[in-house]
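Asks: Below: one structure in structure tokens.
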Amino acid sequence: MPSLEELVQDLYHGRKEIDVPKSSITEPITNWKISKYNIPHKGSKGAMRLGKLHAHDMGDHYSVHLDKVDPDTSPFGHLAVDAPFLFFIFTGFVTIWQMLEQSVAEESGYSRVSRLSLGFRILSGLFLVILGIILTINPNFLALGTFLLLSLAAIGFGAFTLMEGLFKGQDGVDKVKVALGAVLIIVGAVGLAFHLMIALVLVLFLAFWNLFTGIYMLRHRKDGSSPFKGHISIIMGLTSLALGILLLYHPWFAIEIIFSLVGVLIAFFGVIRIIGAFTIDR
């Protein structure tokens, strides 16, 4: 009677990822715990982990890989080694592009929504597109108002999400969206009140994240424990080091670069919401 962890032992011998059909698992999955924070994985309905083992629920099967650092043992080590900042940004671009393709291709399977809910989806999408464009093309405005703007964005999008949850339509109130909207509003309000302190903490966090990641990639570029191999590991390692140093010596210039990329991501996400609104089966 094999368990999920018994079916993925090849991960400890060099395999990068294993797909395990749910029908092949005969023992109950009781010792795994929900993984709430994950690098986006196309098609994933959720994730769980057991130590370094990380499984994405893909519907009829689990897609399992082995992290290099257990987040319960070393959260920052896991973030730096298994989710490098530059890789996280790149994965965000890829995943959002895949979501965009899926929104265009899949015009069915959505629940019916009210016109009011549809309007909130379109308005929030336009809000995100405009915000993303501003963040991307106006670095001077970004340097002066990044954290204030992001705080306002959190409040604005939180309000849209809250209202969308309250006016879901035929299915009643969406408690998850209501809760998420309320949390975003609170986070935005805290950001407005303590934006300078939050800015300093964020810059230092990003700097040490990139410095640690860069050093790790360069030291482990040949032993297989780096997220990348060979020349790619060297390039990513040096780039991470450069970004980390830039964040310490010229923080606002580095923040402009980073949030310009974030602006593009935000705009893409806004486009997805708008396209999703028009592809809903009404």
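Asks: Which pairs in the list K16/K175; K52/K175; K16/K177; K16/K45 are over 30 Å apart, alpha-carbon to alpha-carbon?
Replies: Values: K16/K175 37 Å; K52/K175 32 Å; K16/K177 35 Å; K16/K45 20 Å.
Check vs 30 Å cut-off fails for K16/K175; K52/K175; K16/K177.
Asks: Hey, another quick one. Taking amide H positions as placed 1.01 Å from N in the peptide plane, with prolines and chain starts having none, which residues 5 or more places from G46, or on another chain, fall under 5 Å of its amide H?
Replies: The answer is D57.
Asks: Okay, next question. How would you classify the range 5-67 from its alpha-carbon gyration tensor, with a ≥ b ≥ c the square roots of the eigenvalues: rounded for a/c under 1.5, else prolate if a/b is greater than b/c, otherwise oblate? Could you put the intermediate results ahead of the total?
Replies: Numbers: a/c = 1.28, a/b = 1.09, b/c = 1.17.
Since a/c stays below 1.5, the shape of the range 5-67 is classed as rounded.
Asks: From the phi of every residue in the range 64-75, what ³J(HN,Hα) in whole Hz does the Karplus formula 6.51 cos²θ - 1.76 cosθ + 1.60 yield, where θ is phi - 60° and glycine or proline is x?
Replies: In residue order, the calculated couplings are 10, 9, 10, 6, 8, 10, 6, x, 6, 7, 8, x Hz.
Asks: Using the beta-carbon distance between S74 and K22 and R0 = 25 Å, what value does 1/(1 + (r/R0)^6) give for FRET efficiency, to the nearest 0.05? Provide the component values of the computation, followed by the final result.
Replies: Numbers: r = 31 Å, r/R0 = 1.23.
The calculated FRET efficiency here is 0.20.
Asks: Would you work out which of L7, I25, V64 lies farthest towards the positive end of the dipole of the range 5-67, given +1 charges on the beta-carbon of Lys and Arg and -1 on that of Asp and Glu, about the Cα centre?
Replies: Farthest towards the positive pole: V64.
Asks: All other residues with a Cβ under 15 Å from the Cβ of F127 taken together, and with Lys, Arg as +1 and Asp, Glu as -1, what is their net charge? Intermediate results must be reported in sequence, preceding the final value.
Replies: On the way: positive: R121, R273; negative: E164.
Charge balance in the 15 Å sphere: +1.
Read-outs: derived from the displayed coordinates by stated rules, not from any lab. Since we're looking at a predicted model, the values are computed, not measured. No Cβ is skipped: glycine too gets one built from the backbone with ideal geometry, and neighbour counts run over all protein chains shown.
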